[in-house]
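Let me begin by presenting the structure, written as structure tokens, before commenting on it.
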Amino acid sequence: MQHLFLIDGSGFIFRAYHALPPLTRSDGTPTNAVSGFTSMLMKLVEDNTADHIAVIFDAGRRTFRNDLYPEYKAHRPPAPEDLIPQFPLIRQAVQALNVACVEMEGFEADDLIATYTRQAREKGMKVTIVSSDKDLMQLVTDGVELWDAMKNKAINRDGVIEKFGVPPEKVVDVQALAGDSADNVPGVPGIGIKTAAQLIEDYGDLDTLLARAGEIKQPKRRQTLLDNAEAARISRQLVTLRDDVPGVQPLETFAKALPEIDTLSAFLEEMEFRRLLVTVRGRHQAAVSEPMQATTALDAGKALTVGGSRSGQTVTATAPAATAYELVQDADSLRRWVAAAHSAGVVAIDTETTGLDPMTATLVGISLATAPGHACYIPLRHVSPQDQGDLLGGAPGAPTQIPVAEAAGLLRDLLTDRSVLKVGHNIKYDLHILAREGLTVTPLDDTMVMSYVLDGASHGHGMDELARLHFDHDTIKFEDVCGKGKTQITFDRVPLDKALAYAAEDADITLRLHHYLKARLFNERMLTVYETLDRPMVSLLFDMEEAGIRADAAALLALSEDFAARMTDLEAEIRTLAGEEFNVASPKQLGEILFDRMGLKGGKKSAKTGAWSTDAEVLETLAAEGHALPARVLDWRALQKLKSTYTDALIKQINPRTGRVHTSFAQTITTTGRLSSSDPNLQNIPIRTEEGRKIRRAFVAAPGHVLISADYSQVELRLVAHVADIAALKQAFHDGQDIHAITAAQVFGVPVDGMDPMLRRRAKAINFGIIYGISAFGLARQLGISNGEAKGFIDAYFARFPEIKAYMERTKAEARDNGYVLTPLGRKCFIPEIQGKNPAMRAFAERAAINAPIQGGAADIIKKAMAALPAALHEAGLSARMLLQVHDELVFEAPETEADATATVVKRVMEQAAILSVPLIAETGTATSWAEAH
DNA sequence: TCACTCACG
DNA sequence: GACGTACGTGAGTGAG
């Protein structure tokens, strides 16, 4: 399929101009925009896969839109003084790069882009519009996407929905309502993008909405819409792009051509762009002196530019001429692959299994890759595709396979050879699978974790997504091989040819990702974070998951039954109080009973669905007013939660083979570097209520053993004191004082001795607020006080600890400048919405930015402690096993006789994990159950 | 699949 | 001046 690139020239110019400091040629001509524009365009021309490319400019200020609405773009300030002389030079740059260049009087660049996009689509071409201008988002459709060249990010249909809340075909309707202050499109006053999207969502389109505006519930909004219907219609005309601009230069003239080296050099020389000149000459030299690098179907001829300032070097995936995937069905072939891995020193490995749960899935086959494009698949437990299938093998029609035990034997030494690095994508999963075949694997690299260290939660880290993102390659999907839904088959029933293509590709991609990500870790200075914090977690988390924690099924069952009985009683009572049958578990039905039928006041409706809110806050207010029904519902809900989420669910999660619960720790999910736990989540086991604690009591040590819980004391507040460098707070921690009492004394001006507990409680809430990026609203809600009072507390806090204000401003600026903030140990936490236009979203992002170094810093510290602990315990001759991590707490299981010694080592290692300007304190507890140890 | 609710740090 | 809020997660339920 042919591929057209349309570059929004004006957008490019302004971004280049604002991104770069003022630069001038030796004759004084300003050149910063020319320089930025030229290097962006060069990069685009070199990197992309286009066969047609053009830059589109605006021709003049007046267009047909000014006839529709004279005020259109009337408030635009003129271009900056030092940009004006650069416009003609930029057109020269386009010519020097041998790229087509189009503009037309009376039309905006956007209209030309719309016109060419339509023409290209009619010819079946794919289109990429290089711009992040929201006005162009209406053009996105199948085969048409926007490309944000600064962020290196594609904006597809989903991206448009994220921005506008509606799909591309409805964007003009939303813009018509919301208007645009930059372009002076009026829209309807008081309606922004969010409201507009909601209205269009509700009514389908603008015309229907305007026709039915009388039905809108909110009186004020109804009236403004009725009053401004005409403005909305004109606005829509203004924002709708013309895709029928007549007499445009034909698309065929955009065919991509290489730049003339002499013309380009002359231009760069004239502009005095020495760095670009060197680059261009260097490339030219390389191209004439060396034959083309042979490449594979994957990543054909495409150079991967590796980011970072250290070298700016280009990493190209080197590969043989074609992908050669081999099916390995006999021992000799496998021996050859093992030898190849030994000589390569690095091998990518992936397992195929019968399921997704690492503790129960069974190995079906293994794939290996030893060089890009050079991969194999070793089927081990495939059955014939028609077979009803068990895992015994040897059934009629089962394919030829190396016996599993023999294959394991051939691989064993390779997998533990210290001179051969084993690379996997989410290799923790494969470790579980291989462990059940008696195989251990070391040393390790994990490309999923490497990707997370580099790009955080800015995108997902699945292999399919990374292949698409970095190699522009579409992998074979699991669903393509196994189907989905009811007809899905397990991998052991997949025919070997399809299994080979799928499985070998996964290993191949993993190896290529490893090459690419390793270079990026170095160039972007993230190698230390990866090596010291995240890489050691891979095998450690594997050990923890494999260990599991013992759960007392009988105790859980007894709790379940107790909860069930009490819920039945409550249900009867609730129905009597309500005077009718209803589903207590349905917030919708409950809301209708409380507020519509019983007519209680004080209800809130949700913004999204207009349903009555019945959350704990609402019900507690009603209960405090003396209403019995909401009070009973609260009791019922508490029991329902404990039973369904915990007791019932945990019983099901006890592994029959081990009698223990094996959670799964995710290492690449959170925005701050924390871990997360699922299947089941063991990081949210109840503790705050007595009933909940009973569940924690069911987590117990094996016979003859104890559980040791060790948790950091006030770790996040200590990090606040450290990163914000708050002298008074640091002193208080050094002196080992009660930090909330000290805060109260400072903020409220009272002595610590004989302090009103209420004041300490308030100070504690303020301290939490600081960690969360405080707002008066949030603090007021937490404490049940007025916004004004809360603001007073915050001002008093800032006055007493002025450093905190500076930290907050500094951190917000850091996020705005970079799109991420750094933890004290150097982890990047990405805050993409910080540049957002919506003030609420931006405020949200700012609070997240303030919180991230604190929460993330604490996560880094406990990771350092975890990484150091196995060796420390081993050296002390102790056999304790780490079982759980709950953000600031570690849980161990140790022989009773080693309890004290283990607690001592754990405490020491945790406290020494990082040297901050405040001491770190860890507290330990020992008991036979988790509840008592904590 | 989404919204709501609620468990944890 | 409107936006709609404390930070970070995972899971169960109802409803469409």
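Pull out the extension gain between residue A:266 and residue A:879, defined as 0.36 nm times the separation in residues minus the alpha carbon to alpha carbon distance; nm, one decimal. Walk me through the numbers before you get to the answer.
Details: separation 613, 0.36 × 613 = 220.68 nm, distance 7.13 nm.
Going from the current span to full extension adds 213.5 nm.
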Using a simple spin-label model with points 7 Å from Cα along the Cα→Cβ vector, what separation in nm is obtained for residue A:608 and residue A:522?
4.6
Everything considered on the Cα gyration tensor (a ≥ b ≥ c; rounded for a/c under 1.5, else prolate if a/b is larger than b/c, else oblate), chain A must be described as oblate
Over the range A:549-661, what number does the Rg to Rh ratio reach, with both radii from the alpha-carbon atoms and Rh per Kirkwood?
1.09
Taking amide H atoms as placed 1.01 Å from N in the peptide plane, list the residues 5 or more away in sequence, or in a different chain, whose amide H sits under 5 Å from that of residue A:346.
A:421
Can you compute the modelled spin-label distance between residue A:275 and residue A:487, with each label point 7 Å from Cα toward Cβ, in nm?
5.6
For the range A:324-524, list log₁₀ I(q)/I(0) at each q in 0.10, 0.15 Å⁻¹, using the Debye formula over Cα point scatterers of equal strength and ignoring solvent, two decimals each.
-0.39, -0.91
Where Lys and Arg each count +1 and Asp and Glu each count -1, what net charge lies around residue A:888 among other residues with Cβ under 11 Å from its Cβ?
-2
Given the options A:549, A:2, A:776, identify the residue whose Cα lies farthest towards the positive end of the charge dipole of chain A (+1 on Cβ of Lys, Arg; -1 on Cβ of Asp, Glu).
A:776
On a straight-distance basis, which aspartates and glutamates could pair with residue A:837 in a cross-link, Cα separation under 20 angstrom, same-chain partners fewer than 8 positions away excluded?
A:133, A:135, A:148, A:158, A:162, A:173, A:180, A:183, A:809, A:814, A:817, A:846
Students often get this wrong: which residues of the range A:12-27 have the backbone nitrogen under 18 Å from the point 7 angstrom along Cα-to-C-beta of residue A:150?
A:12-23
As a test, work out the antiparallel percent of DSSP beta bridges whose residues both lie in chain A, rounded to the nearest 5.
65
P(r) for the range A:430-552: what percent of alpha-carbon pairs falls in each 5 Å bin, starting at zero?
2, 9, 15, 17, 18, 17, 13, 6, 2, 0
Provide the per residue accessible area, probe 1.4 Å, for the range A:549-661, rounded to a whole number of square angstrom.
54
Dipole size in debye (nearest 20) for the range A:324-524 around its Cα centre, Lys and Arg Cβ +1, Asp and Glu Cβ -1?
240
How much of the accessible area of chain A, probe 1.4 Å, is carbon plus sulfur, in whole percent?
53
Explain nothing, just compute: Karplus ³J(HN,Hα) = 6.51 cos²θ - 1.76 cosθ + 1.60, θ = phi - 60°, for every residue of the range A:810-819 in order, whole Hz, x for Gly and Pro.
4, 5, 4, 5, 4, 5, 5, 5, 10, x
Taking the Cα centre of chain A as the origin and placing charges on Cβ (Lys, Arg +1; Asp, Glu -1), which of A:910, A:407, A:277 is farthest toward the positive end of the dipole?
A:910
Working only with C-alpha atoms, what are the Rg and Dmax values of the range A:3-254, expressed in angstrom?
19.3, 66
Could you give the distance between the Cα centres of the range A:189-203 and the range A:772-812, to the whole Å?
32
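In the structure shown, do any of A:194/A:217; A:764/A:791; A:170/A:194; A:791/A:828 have a Cα-Cα gap over 21 Å, and if so which?
The answer is A:791/A:828.
Please give the charge dipole size of chain A, origin at the Cα centre, charges +1 on K and R Cβ atoms and -1 on D and E Cβ atoms. Round to the nearest 20 debye.
Dipole magnitude for chain A comes out near 1520 debye.
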Just how large is the dipole of the range A:3-254 about the Cα centre, in debye to the nearest 20, putting +1 at every Lys and Arg Cβ and -1 at every Asp and Glu Cβ?
520
For residue A:149, distant residues with modelled amide H under 5 Å away:
A:131
For the range A:3-254, what is the accessible area per residue in Å² when the probe is 1.4 Å?
44
Heavy-atom accessible area of residue A:820, protein chains in place, probe 1.4 angstrom, given in Å² to nearest 10, is 50
Separation between Cα centres of the range A:820-887 and the range A:399-467, rounded to whole Å:
25
FRET efficiency for residue A:805 and residue A:737, Cβ-Cβ distance as r, R0 = 30 Å, nearest 0.05?
0.85
Sparse-neighbour loop sites [trypsin sites (Lys or Arg not before Pro); the range A:54-117; at most 13 other C-beta within 10 Å; DSSP]:
A:61, A:62
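What full-extension length gain, to one decimal in nm, is calculated for residue A:598 and residue A:221 as 0.36 nm per residue of separation minus the Cα-Cα distance? Write out the running numbers ahead of the final one.
Working: separation 377, 0.36 × 377 = 135.72 nm, distance 2.94 nm.
Extra length available between residue A:598 and residue A:221 comes to 132.8 nm.
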Euclidean distance between Cα centres, the range A:893-934 to the range A:350-385, Å:
40
Surface accessible to a 1.4 Å probe, residue A:612 within the full protein complex, Å²
60
Counting other Cβ atoms within 10 Å of each Cβ, which GluC sites (Glu not before Pro) in the range A:717-823 have at most 15 and sit in a DSSP loop?
none
Here the net charge surrounding residue A:711, from other residues whose Cβ is less than 10 Å away from its Cβ (Lys, Arg +1; Asp, Glu -1), is -3
Suppose all protein chains stay in the model; what accessible area per residue would a 1.4 Å probe give for the range A:683-722, in Å²?
36
Counting alpha carbon pairs within less than 8 Å and at least 6 residues apart, what relative contact order, in whole percent, applies to chain A?
8
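The values are calculated or read from the model by the stated rules, or taken from the named source; none is laboratory data. The structure presented is a predicted model; accordingly, all values stated were derived computationally and were not measured. Cβ coordinates were reconstructed from backbone atoms using ideal geometry, including for glycine residues, and neighbour counts include every protein chain displayed. Note: areas computed on protein heavy atoms with side chains; ligands, DNA, RNA excluded. Shrake-Rupley method; radii C 1.70, N 1.55, O 1.52, S 1.80 Å.
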